[in-house]
Structures are given as C-alpha cells and as structure tokens.
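Read through the structure below, which is laid out as structure tokens, and then see the notes.
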Amino acid sequence: MNVGIVGLGLIGGSMAKAVKNRTAHTVYGADLDKETMAMSRMSGAIDGPLTEENLPRCDLIMIAIRPGAAIGWVKANAHLIGKEGVLVDLCGVKREVVKAIAPIAAEHGFAYIGGHPMAGRERSGFTAATEDLYVGASMILTPDSRTDMALLEKLKHFFLDVGFASLTFSDPEEHDRIIAYTSQLAHIVSSAYVKSPEAQRRRGFSAGSFRDMTRVARLDEDMWTELMLADADYLTKELGILIDNIAAYRDALERRDAQKLRGLLKEGREAKATAGGN
C-alpha cells in the first residue's frame with residue numbers, strides 16, 4: 001500500500017516511522033521544513049517526497065498538520081487524490097475540520113474520515129518523533145453516513161499494525177466535548193500552574209507530582225491556541241467547572257475547615273477511582 005503523510009512533526013513523523021518499522025507499506029511524506037524532509041529521508045522514515053505525481057497513487061493519505069492548514073491542503077490538493085484513495089486527518093479537533101473536509105471529499109469522490117491518535121509528548125517536531133509513540137494507544141475515528149464497514153475494517157487493520165491497541169469510534173461533537181476535558185484543560189492547568197513564582201525556587205523540593213503537573217506546559221503555543229479556540233465552547237465550560245471546584249478548596253483552607261477539606265479530598269479520590277485509568 002502507498003501511504004502519504006502530510007506533516008512530519010511529532011505526530012506525522014512518528015506515524016511515518018511506525019509504518020516503515022512495522023509494515024511493508026511505501027511511505028511518501030511532505031513537510032514545509034526542508035531540514036525535516038532531509039532528516040526523514042536520511043532516517044528512512046519515508047521512501048520519498050509526496051508529490052503531485054505520486055499523490056494520486058496513494059491508497060491512504062494522512063494529514064498531520066494544524067486544523068486550518070489541513071483544511072487548506074485538502075482544498076488545494078483534493079483534485080489529485082484518487083477515487084480509491086482514503087483520506088484521514090489526524091487533527092486534535094474534529095468539528096470544524098470534518099465540516100470543511102467532508103463536503104470536499106464527497107465532491108471529488110474519495111473516502112474521508114476524521115481521526116485523532118491519542119498519543120503525544122511534550123516535545124514537538126520530527127526529532128521528537130518515535131516509531132513506538134502509538135504503541136498501546138487508542139485511535140479515535142469519526143465515521144459518518146458515507147463510511148462503509150469495509151473502509152473501517154481496512155483502517156482497523158492498518159492502525160493496529162502500526163501499534164495502536166484499539167480503535168474508538170465517535171462523532172465530531174462528542175470528540176470535541178470530551179477532548180476539551182481530557183486534553184485541552186490539562187494543558188491549561190499545567191500552563192497556569194507553572195507560572196507561580198515558586199516554580200523558580202522549587203529546586204530540591206519537587207518530585208513526581210511536580211513533574212506530572214508541569215510536563216505538558218512545554219507546549220507549542222501556536223498549535224494549542226488554534227486547537228483551544230476551535231473548541232472554545234466546551235473548553236470554557238470545563239474551565240468554569242474547574243474554577244468552581246478549586247474555589248471550594250480555597251474556601252475550606254481560608255476557613256481552616258478540616259472537615260470540609262477532608263471531604264473535598266475524599267470526593268476527588270473517589271472520583272478518580274470511579275473514572276479509572278492512569
């Protein structure tokens with residue numbers, strides 16, 4: 001199978017490395033950064049550049065760039081995608097991306113499905129990409145009325161082959177609502193938490209909890225601004241819930257109310273037990 005990957009940063013670069021290390025597929029890649037293209041060729045992550053000549057021969061095209069750029073790329077290149085080709089975007093938000101790309105795919109006659117790999121690192125770029133980034137992770141897909149079972153089965157085998165442990169099916173609305181809480185809110189909390197003056201004076205006083213809380217503060221602010229604004233309705237709702245919850249802890253501390261504080265901490269522990277996971 002010929003696989004085209006647009007964007008060879010952390011997500012696209014890791015996908016390219018995973019495909020080359022775990023399958024026999026041919027990988028063509030595209031990235032605006034010339035150094036990234038050179039490194040991807042030299043490291044064997046791609047077999048060659050994705051061009052106007054080989055794009056029509058790609059059986060699967062994955063777009064691993066920011067939402068606005070992804071939509072722009074599809075608008076510019078849809079006429080080159082073969083009728084038998086399958087397009088999957090790997091963007092971190094789905095509503096605005098699917099709304100823009102789905103009609104283009106229908107007009108040009110190729111299959112399209114929204115996707116979001118549930119994996120990442122605090123570092124970005126091709127140098128941070130690894131062939132095992134997706135090992136054990138979940139791949140979210142957002143099929144619609146045009147998606148047939150044969151396509152889903154094809155994608156299932158592909159993503160399991162490159163290391164994903166499971167596929168999760170959703171719709172764009174549900175995806176963006178949940179991801180506002182599980183991903184975007186966590187990045188806001190980490191970014192805000194590390195702004196305390198004590199963060200600069202904590203050496204010798206920090207352990208695992210500090211590392212866990214601050215890890216994702218080392219983010220790409222341009223990308224996350226775009227993602228968060230695209231999901232601003234759900235994200236502001238989740239942020240409001242968090243602010244209200246934090247205010248309750250502050251109130252208990254100010255009142256020196258041990259019973260209230262203990263109750264809040266107990267509620268949090270029990271909520272974590274109910275939620276499960278790591």
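The values are calculated or read from the model by the stated rules, or taken from the named source; none is laboratory data. Keep in mind it's a predicted model, so treat the numbers as computed, not measured. Cβ: placed from backbone, ideal geometry, glycine included. Neighbour counts: every protein chain shown. Remember, those area values only see protein heavy atoms, side chains included, never the ligands or the DNA or RNA. Shrake-Rupley method; radii C 1.70, N 1.55, O 1.52, S 1.80 Å.
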Taking the Cβ of residue 123 as the centre, find all other residues whose Cβ is under 10 Å away and add up their charges (Lys, Arg: +1; Asp, Glu: -1).
-> 0
So, in nm, how far is label residue 57 from label residue 157 when the simple model puts each one 7 Å beyond its Cα toward the Cβ?
-> 2.2
Fully extended contour minus Cα-Cα distance, from residue 165 to residue 118, at 0.36 nm per residue = 15.9 nm
Whenever you get a sec, compute what percent of the accessible area on the chain sits on carbon and sulfur atoms (1.4 Å probe).
-> 53
Quick one: Cα centre-to-centre distance for segment 11-60 and segment 138-203, in angstrom?
-> 23
Computed about the Cα centre, the charge dipole of the chain from +1 Lys/Arg and -1 Asp/Glu charges at the Cβ has a magnitude in debye, to the nearest 20, of 1160
Subtract the Cα-Cα distance of residue 215 and residue 257 from 0.36 nm times their separation in residues, and report this length gain in nm to one decimal.
-> 11.9 nm
Farthest toward the dipole's positive end in segment 167-224, which of 224, 208, 184, given Cβ charges of +1 (Lys, Arg) and -1 (Asp, Glu) about the Cα centre?
-> 208
Additional length obtainable on full extension of the chain from residue 273 to residue 232, 0.36 nm per residue less Cα span = 11.9 nm
What percent antiparallel are the DSSP beta bridges of the chain, to the nearest 5?
-> 15
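Relative contact order of segment 20-170: what whole-number percent is it, with Cα pairs under 8 angstrom and at least 6 residues apart?
In percent, rounded to a whole number, it is 18.
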Report the net charge of residues surrounding residue 113, where surrounding means a beta-carbon distance below 13 angstrom and charges are Lys +1, Arg +1, Asp -1, Glu -1.
-> -1
Summed residue charge, Cβ within 13 Å of residue 233's Cβ, Lys/Arg positive, Asp/Glu negative = -2
For the chain, the longest principal axis of the Cα atoms and the Cα long axis of helix 149-161 enclose an angle in degrees, to the nearest 10, of 70
Using a basic spin-label model with each label point 7 Å from the Cα along Cα→Cβ, how many nm lie between residue 80 and residue 191?
-> 3.3
Report the relative contact order of the chain, percent, no decimals, based on alpha-carbon pairs under 8 angstrom and at least 6 residues apart.
-> 16
Measure nothing but the geometry: give the 0 to 90° angle between the long axis through the Cα atoms of 258-275 and the longest principal axis through the Cα atoms of the chain, rounded to 10°.
-> 20
Where does segment 26-165 land on Rg(C-alpha)/(2.2 N^0.38 Å)?
-> 1.02
